[in-house]
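Student: Below are the structure tokens for one structure; questions will follow.
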Amino acid sequence: MSKLSHYPIRLDGNSIEKKRQEIKEYFQNSFSLFEKIFELLKDDSVFYKQSEPTRHPMIFYFGHTATFFINKLILMQIINERVNPEFESIFAVGVDEMAWDDVESRNYQWPQVDAVREYRSRVRKVVEELIDTLEFTLPIEQNSPMWVILMGIEHERIHIETSIVLHRQMPLELVKEHDAFCISTRDNEVVKNELVLLPGKEIHLGKQGDEGLYGWDNEYGIWQESVSDFKVSKYLVSNAEYMEFVKAGGYQKLEYWDDEGRAFLEKSAVTLPIFWVQKGSEYFLRTLTKEIKMPWNWPVEVNALEAEAFCRYKTKKEGRFYSLPSEAEYRVLYEYAGLEDIPKESEANINFAHCSSSAPVDTFCTNGVYDVIGNVWQWSRTPIRAFKGFHVHKAYDDFSTPTFDEKHALILGASWASSGNLMVKHSRYAFRKHFYQNAGFRYVQTAKESENMADIYESDELVSQYCEFQYGDTHFGVNNFALECASIANKFAINSQKALDLGCATGRATFELAKRFEKVEGIDFSARFIQVGTRLKDEGFVNFSSKEEGELCTNKKITMKELGYESVVQKVSFWQGDACNLKPNFTGYDLILATNLIDRLYEPKLFLESVHERLSKDGILVLTSPYTWQESSTKKEFWLGGYEDESGNEVETIDSLQKILADNFELIHLQDLEFVIKETKRKYQHTISEVSVWKKRD
């Protein structure tokens with residue numbers, strides 16, 4: 001096994017101490033390999049370059065994977081102290097071109113590279129100490145603190161691969177060769193692709209929790225599908241085979257592209273695959289560290305839109321229907337090949353085991369089909385969707401749900417740079433179709449022409465419940481809580497330029513505040529919630545399901561027109577953020593509305609002690625909370641009320657608020673405000689929140 005590679009560890013075993021050592025070695029390998037990837041950059045100045053405009057500079061990714069460990073450990077109350085709050089804010093949120101991804105360079109003051117190196121070293125020590133000391137049992141289950149450590153490791157392995165792709169998009173003069181990353185020199189004679197008939201079968205997708213390996217939330221659940229006989233290409237599409245499409249004018253003939261593909265062509269102006277370099281009549285391939293003469297028998301690397309266009313070209317050329325494989329068809333292929341849950345390195349170009357590049361498409365054969373796994377990822381025609389029984393993991397509740405939007409296509413089968421969870425049988429990763437990964441494709445002949453587009457109803461029970469709470473019916477004569485909070489905030493606000501709806505959930509109060517304020521930002525910790533507001537803003541409607549009884553639901557649809565927000569939509573933006581550690585650009589507000597937030601923060605005093613810094617002169621802070629303190633959200637030592645102090649005196653939250661805020665605020669209003677949340681047709685939560693309004697002192 002290569003020094004770079006590492007197999008994922010199993011969750012079971014007989015010895016806690018042996019498992020600690022396995023996890024520590026796995027962590028150290030991941031952490032060091034990630035840092036080694038950044039040694040490919042020519043010098044530290046390159047860390048501040050963007051390899052492409054929709055991504056952060058490389059310094060962000062260098063810091064991001066370390067801050068992920070700390071932020072998740074804080075969230076899950078495994079540790080109490082941050083290593084560097086500033087870094088753990090600015091490096092927190094990655095980029096998938098979601099509306100809440102912030103790539104505006106003016107919003108960041110990037111630190112020195114050496115400071116980030118030193119930070120990563122400190123994080124390494126924190127994690128290693130936790131691995132040595134955390135109490136856990138075997139097998140490691142999702143509620144174990146060690147699961148969060150494994151989550152951080154697997155997250156870093158994702159970024160090992162995505163960072164490699166970004167490095168490959170860097171100008172060649174900004175990277176350098178590295179002894180650890182060898183490029184294959186093999187290029188066999190070009191093979192002609194052919195089709196292999198696979199017998200159909202009943203396919204069962206989804207993990208049931210007992211496979212013994214770490215898994216992301218979207219891998220769990222149940223999906224059953226009957227797959228008919230189909231034919232699949234024996235090889236991945238090679239550079240030579242794809243060249244036929246290029247020579248046939250594939251990038252110029254719009255008939256081969258759908259609407260999304262045509263928009264991509266217009267925006268990007270591409271005429272060749274991204275890693276192809278044409279010099280006169282010769283073609284070269286950009287690898288990780290250099291350009292090499294085009295290896296025509298290597299798999300082509302394209303995005304999903306290009307792969308789909310090729311299939312349309314081939315369909316028209318041959319008069320037989322070709323498409324990308326579906327997720328279920330790929331599983332038929334995987335099982336036909338007889339591959340294990342963790343493939344052997346002798347069977348595939350994976351895990352850095354052979355080289356740090358692709359290899360010829362006729363190298364790794366299993367049961368007559370090549371590269372079933374490895375070499376490059378394979379685009380599918382299936383949008384990623386939740387399996388029946390899907391549940392988010394509390395530590396990373398927005399890993400998957402923002403991608404359940406019919407815009408993210410599954411990639412299947414892993415690449416040469418895939419390791420850990422990325423290369424196992426049940427892994428499920430998806431990207432927008434115009435994204436580039438170390439990805440190519442194979443094609444199938446199948447009777448099923450396309451995946452049925454799903455009506456996107458919020459299937460997440462908690463998000464659906466909040467949609468009903470904020471946008472649905474009122475009950476028992478109690479007014480809509482979001483509207484009432486916005487009304488109170490508007491009543492006391494002195495200036496009306498800029499407002500912040502903190503803990504905005506699905507965004508109703510954010511839109512309502514925009515009726516008065518010129519600019520309103522909605523921030524929530526979870527993208528699960530803010531994706532509702534962003535979808536409403538961008539698409540003009542949101543569908544959600546209101547639970548009635550058992551599995552029975554009523555599907556509902558709300559529109560901007562019905563809500564009366566069409567005239568204010570441009571004033572509103574949504575962002576993902578941590579109220580206890582907001583980025584510095586969230587400032588200058590005339591109003592901050594924090595709705596039912598403080599008793600759900602992991603350390604509310606952190607937020608309260610600094611919130612005045614984000615308000616302008618005469619700024620107003622509105623807090624609402626039912627003060628339902630619970631240790632699952634906030635460790636008891638950080639509660640602001642609901643307990644007796646050392647002298648036996650009862651401590652109430654409003655008294656603590658007055659003590660904490662007294663130096664910077666004047667309490668100007670206090671009232672109760674009730675709200676009702678529907679759980680089912682016959683079960684409701686009826687709660688009373690206390691509203692406190694505070695004016696910033698001069």
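Computed from the coordinates by the stated procedures, all read-outs in this text should not be read as laboratory data. Fair warning: this is a prediction, and the values are worked out from it, not measured in the lab. Note: ideal-geometry Cβ built from the backbone for every residue, glycine included; neighbour counts use all protein chains shown.
Student: Running Debye on segment 461-696 with equal point scatterers at the Cα sites and no solvent, what base-10 log of I(q)/I(0) appears at q = 0.07, 0.12 Å⁻¹?
Tutor: Debye output, listed in q order: -0.22, -0.66.
Student: Report the per residue volume, in Å³, of the convex hull enclosing the C-alpha atoms of segment 179-239.
Tutor: Normalising the Cα hull of segment 179-239 by residue number yields 182 Å³.
Student: May I pose another question? Between Lys36 and Glu650, what length comes free when the chain is fully extended (0.36 nm per residue of separation minus the Cα-Cα distance, one decimal in nm)?
Tutor: Residue separation times 0.36 nm, minus the Cα-Cα distance, leaves 215.6 nm.
Student: Could you grab the relative contact order for segment 648-698? Cα pairs under 8 Å, six or more apart, rounded to a whole percent.
Tutor: It comes to 38 percent, rounded to a whole number.
Student: Setting aside same-chain residues fewer than 8 positions from Lys683, which lysines have a Cα under 28 Å from its Cα?
Tutor: Lys388, Lys394, Lys547, Lys556, Lys557
Student: Using 1/(1 + (r/R0)^6) with R0 = 35 angstrom and r between the beta carbons of Asp618 and Gln109, what's the FRET efficiency to the nearest 0.05? Spell out each step's value before the answer.
Tutor: Numbers: r = 28 Å, r/R0 = 0.80.
Step by step, r from the Cβ atoms, then E = 0.80.
Student: Another question about this same structure. Before rounding to the nearest 500, sum -39500 (n - 2.57) across all DSSP H runs of length at least 4 in the chain and divide by the residue total; then give [θ] at 222 nm in deg cm²/dmol.
Tutor: It comes out at -9000 deg cm²/dmol, rounded to the nearest 500.
Student: Would you calculate the separation in nanometres between label points at Ser121 and Thr680, each defined as 7 Å from the Cα along the Cα-to-beta-carbon direction?
Tutor: 5.8 nm
Student: What do you get for the angle between helix 304-318 and the principal long axis of the chain? Use alpha-carbon atoms, 0 to 90 degrees, nearest ten.
Tutor: That works out to roughly 40 degrees.
Student: Another question about this same structure. Specify the angular offset, from 0 to 90 degrees and rounded to the nearest 10, of the alpha carbon long axis of helix 58-75 from the longest principal axis of the alpha carbons in the chain.
Tutor: 50 degrees
Student: Now a separate question. For segment 275-325, just say rounded, prolate or oblate: build the C-alpha gyration tensor, square-root its eigenvalues into a ≥ b ≥ c, call rounded for a/c under 1.5, and beyond that prolate if a/b exceeds b/c, oblate if not. Mind dumping the intermediate values first?
Tutor: Numbers: a/c = 3.04, a/b = 2.14, b/c = 1.42.
The shape class here is prolate.
Student: Can I ask one more? Within segment 640-698, report the GluC sites (Glu not before Pro) that DSSP leaves as loop and that have at most 15 other Cβ atoms within 10 Å.
Tutor: The qualifying sites are Glu646, Glu652.
Student: I would also like to ask the following. List, in the order given, every pair from Lys192/Lys314; Lys72/Lys433; Lys583/Lys635; Lys267/Lys561 whose Cα-Cα distance in the structure shown is over 19 Å.
Tutor: Too far apart for the 19 Å limit: Lys72/Lys433; Lys583/Lys635; Lys267/Lys561.
Student: Please compute the length gained on full extension between Asp43 and Thr687, using 0.36 nm multiplied by the number of residues separating them and subtracting their Cα-Cα distance.
Tutor: Extending this stretch completely gives an extra 226.1 nm.
Student: Counting other C-beta atoms within 10 Å, which of Asp371, Asp43, Asp578 has the fewest, and how do the rest follow?
Tutor: Sorted ascending by nearby Cβ count, the order is Asp43, Asp578, Asp371.
Student: Semi-axes of the equivalent ellipsoid for segment 16-174, please: Cα gyration tensor eigenvalues, times 5, square-rooted, ordered largest first, whole Å.
Tutor: Output for segment 16-174: semi-axes of 29, 17, 14 Å.
Student: Suppose the chain between Asp132 and Lys344 were pulled fully straight at 0.36 nm per residue; how much longer would it get relative to their current alpha carbon spacing?
Tutor: Length difference between fully extended and current span is 73.3 nm.
Student: When only C-alpha pairs under 8 Å and at least 6 residues apart count, what is the relative contact order of the chain, in percent?
Tutor: RCO, the chain: 12 percent.
Student: Using the scaling law 2.2 N^0.38 Å as the reference, what is the normalised Cα Rg of segment 238-454?
Tutor: 1.01
Student: According to a simple spin-label model (label point 7 Å from Cα along Cα-to-Cβ), what is the distance in nm between Glu609 and Asn495?
Tutor: 2.7 nm
Student: Hey, with R₀ at 25 Å, roughly what FRET efficiency would Phe284 and Tyr7 work out to, going by the Cβ-Cβ distance, to 0.05?
Tutor: Working from the Cβ atoms, E equals 0.15.
Student: More than 44 Å apart: what percent of Cα pairs in the chain qualify? Please report the intermediate quantities before stating the final value.
Tutor: Numbers: 64586 of 243253 pairs.
Within the chain, distances greater than 44 Å cover 27 percent of Cα pairs.
Student: Pop a pseudo-label 7 angstrom from the Cα along the beta-carbon direction at both Lys659 and Lys317 and give the gap in nm to one decimal.
Tutor: The answer from the label model is 7.6 nm.
Student: Same structure again: Return one number: the angle in degrees, 0 to 90 and rounded to the nearest 10, between the long axis of the Cα atoms of helix 145-168 and the longest principal axis of the Cα atoms of the chain.
Tutor: Rounded to the nearest ten degrees, it is 50.
Student: Now for a separate question. Write out the trypsin sites (Lys or Arg not before Pro) in segment 615-698 meeting two conditions: DSSP loop, and at most 14 other Cβ atoms within 10 Å of their Cβ.
Tutor: The qualifying sites are Lys635, Lys681, Arg682, Arg697.
Student: Shifting gears a bit: Take the cross-link list Lys36/Lys344; Lys571/Lys605; Lys201/Lys234 and give me the ones stretching past 22 Å between alpha-carbons.
Tutor: Lys36/Lys344; Lys571/Lys605
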